[in-house]
Amino acid sequence: MAARRAGALVVHVTSHGYGHMNRTVAAVNLVPEDVPVVVRSSADLFPNWRERLTRPAELEEHVSDAGAVNPIGDSGTTDAAATIERAIRVHREAVARLDDDARRLRELGAAAVLCDAPPLPLRAAAKAGVPGWLLANFTWYDIYASHARSADPEAKRLLAHHKAAYREAAGVFRAQPALAMSWLPNRTDVGLVANPGRDRSKELRSLLGLGDREKLVYFYVGRYGQDDLDWGRLASFAARGVHFVGYHAAPGGDLPNLHLVKASEWSGGDLIASADAVVAKAGYGTMSESMAHGRPIIYPPRFGFAEHRALDRAARAWGGGLPVSSRDFAAMRIGPALDRAFALGRLAPPFPADGAARVAERLTAICRARR
């Protein structure tokens, strides 16, 4: 159990996937070490935290939200009914622990709470007399609203509870690209919140045995993969000198032009900064890092997830976003999109890229002042 450390920053990250952790760690790594940090998240994410943290932080298991449910093998679709059912169950359990959560914040000597993006820790922070800040480009209220309009009264109560809890935040760091979230007070636009990436292209090409003439593409389709992809067509791009690099093997076995690297040695930011283009599921982390590092991104639509509209709109306006249909993405008919991406080259970010630093600076000032 973490001991009381006055002036601590307590960080709550949703149990929904790796992307929120990846965004939050960008800001946490920039908080000076004189500010103690305690991270509360699903234990499933502990290996990812340890892999990405570059400063000391204590890890505690804590789950208070459920995110969205994606069918296994189809990370581009949201199961609306399963999402609402699980959200209600997890929310009910978490509400019963609110007094304990507030007490735990006092025990930890919390000076500030940062949430990305579960709502209930903001209510616990208010109970404990601690300012709670939301880091988000969307909220679960925004996501669930489209699924619960015609649902039963319990689902509508869930929406009301989420909205009220989010509105207890002392402030909102609105990370671009974002939904409007106009119903939230005290919003501050902070631009892109993205992890740094080093252009290690010479090192990467040497590691993979590639020369300067081959095109290198960062390939990421999410933690759950994409079962319906035509992996054979992906292999056919080898004849054009196009090579893909990522973390996950093709289900049917090795491909001659799909190269795997260790996440502990190559961050997503480094791979994006080292590649000529990106082919990925359009989550916030991959999209924001592609924008921050000026790499064109090819992506399919996502269904049942309100965030996608904001990401897609911003990517198209930027010019580096190259959407393809679900059918073409599944069939890996991305040749024309790759040609456009390679022709675009390196682009300027569409938003300020120092959002992580701005978040860290504000939280650091709060924690030091309340010590």
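The values are calculated or read from the model by the stated rules, or taken from the named source; none is laboratory data. What you are looking at is a predicted structure, and each value in this text was computed from that prediction instead of being measured. With ideal geometry, Cβ positions are generated from the backbone for all residues, glycine too; neighbour counts draw on all protein chains shown. With ligands, DNA and RNA removed, areas are computed over all heavy atoms of the protein, side chains included. Shrake-Rupley method; radii C 1.70, N 1.55, O 1.52, S 1.80 Å.
Results for (1) over 30 Å from Val172 (Cα atoms); (2) surrounded by fewer than 15 Cβ atoms within 10 Å (Cβ to Cβ); (3) touching a residue at least 40 places away in the same chain (Cβ under 8 Å); (4) in contact with an Asp or Glu (Cβ under 9 Å, 6 or more places away or on another chain), shown as yes or no for each residue.
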{"position": "Trp318", "(1), (2), (3), (4)": "no, no, no, no"}
{"position": "Asp328", "(1), (2), (3), (4)": "yes, no, no, no"}
{"position": "Arg333", "(1), (2), (3), (4)": "yes, yes, yes, yes"}
{"position": "Ala343", "(1), (2), (3), (4)": "yes, yes, no, no"}
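Suppose the filter is at pLDDT 95 or above and either in contact with a helix residue (DSSP H, G or I) (Cβ under 7 Å, 6 or more places away or on another chain) or on the phi < 0 side of the Ramachandran plot (or both); does Arg4 pass it?
Taking the combined requirement at face value, the residue does not satisfy it.
Scanning for something under 24 Å from the mean Cα position of the chain (by Cα) and on the phi < 0 side of the Ramachandran plot, does region 231-242 turn up at least one residue?
Within region 231-242 (the criterion being under 24 Å from the mean Cα position of the chain (by Cα) and on the phi < 0 side of the Ramachandran plot), the answer is no, since none of the residues qualifies.
Would you check if Gly252 is of a type outside the set (Val, Ile, Thr), crowded, with 19+ Cβ neighbours inside 10 Å, modelled with pLDDT under 95 and not in a helix (DSSP H, G or I)?
Criteria not met by Gly252.
Could you count how many residues in region 303-324 are of a type in the set (Gly, Ala, Ser) and modelled with pLDDT of 95 or more?
Total meeting the criteria: 6.
Could you identify the single residue in Val69, Val63, Val25, Val38 that is more than 20 Å from Ala165 (Cβ to Cβ) and either part of a loop (DSSP other than H, G, I, E, B) or basic (Lys, Arg) (or both)?
Working: Val63 fails: more than 20 Å from Ala165 (Cβ to Cβ); Val25 fails: either part of a loop (DSSP other than H, G, I, E, B) or basic (Lys, Arg) (or both); Val38 fails: either part of a loop (DSSP other than H, G, I, E, B) or basic (Lys, Arg) (or both).
Result of the check over Val69, Val63, Val25, Val38: Val69.
Quick one: which residue in Ala280, Ala306 is under 30 Å from Ala81 (Cβ atoms), surrounded by fewer than 20 Cβ atoms within 10 Å (Cβ to Cβ) and in contact with a helix residue (DSSP H, G or I) (Cβ under 7 Å, 6 or more places away or on another chain)? Walk me through it before giving the result.
Details: Ala280 fails: surrounded by fewer than 20 Cβ atoms within 10 Å (Cβ to Cβ).
Of Ala280, Ala306, the one residue that is under 30 Å from Ala81 (Cβ atoms), surrounded by fewer than 20 Cβ atoms within 10 Å (Cβ to Cβ) and in contact with a helix residue (DSSP H, G or I) (Cβ under 7 Å, 6 or more places away or on another chain) is Ala306.
How many of the residues making up region 45-57 are open to solvent by less than 30 Å² (accessible area, probe 1.4 Å) and among the β-branched types (Val, Ile, Thr)?
Residues that pass the stated criteria total 0.
Report whether or not Ala348 is touching a residue at least 40 places away in the same chain (Cβ under 8 Å), in contact with a Pro (Cβ under 7 Å, 6 or more places away or on another chain) and of a type outside the set (D, E, K, R). Can you show your working first?
Values: touching a residue at least 40 places away in the same chain (Cβ under 8 Å): yes; in contact with a Pro (Cβ under 7 Å, 6 or more places away or on another chain): no; of a type outside the set (D, E, K, R): yes.
No: the conditions fail for Ala348.
Tell me which residues, restricted to region 196-211, are in a loop (DSSP other than H, G, I, E, B), open to solvent by less than 90 Å² (accessible area, probe 1.4 Å) and closer than 18 Å to Ala263 by Cβ.
Selection gives Gly197, Arg200.
Report, by residue number, each residue of region 13-22 that is outside any loop (DSSP other than H, G, I, E, B) and open to solvent by 10 Å² or more (accessible area, probe 1.4 Å).
Answer for region 13-22, where residues must be outside any loop (DSSP other than H, G, I, E, B) and open to solvent by 10 Å² or more (accessible area, probe 1.4 Å): Gly19, His20, Asn22.
Quick one: is Ala235 buried (at least 17 other Cβ atoms within 10 Å of the Cβ), among the aliphatic types (A, V, I, L, M) and free of Cβ contacts under 8 Å to residues at least 24 places away in the same chain?
yes
Within region 285-302, can one find any residue that is at pLDDT 95 or above and in contact with a Ser or Thr (Cβ under 7 Å, 6 or more places away or on another chain)?
Yes, region 285-302 contains a residue that is at pLDDT 95 or above and in contact with a Ser or Thr (Cβ under 7 Å, 6 or more places away or on another chain).
Determine the pairs where a residue that is among the charged types (D, E, K, R), located within region 249-276, has a partner that is part of a loop (DSSP other than H, G, I, E, B) with Cβ atoms under 7 Å apart, the partner being 6 or more residues away or on another chain.
Matching pairs, first to second residue: Asp270/Gly197; Asp270/Arg198; Asp270/Arg200.
Filter region 33-44 for residues that are buried (at least 22 other Cβ atoms within 10 Å of the Cβ) and free of Cβ contacts under 8 Å to residues at least 40 places away in the same chain; which is farthest from Leu108 (Cα to Cα)?
Looking at the filtered set, the residue picked out is Ser41.
Before we move on, is Ile366 in contact (Cβ under 8 Å) with a residue 40 or more places away in the chain, under 28 Å from Thr139 (Cβ atoms) and over 17 Å from the mean Cα position of the chain (by Cα)?
yes
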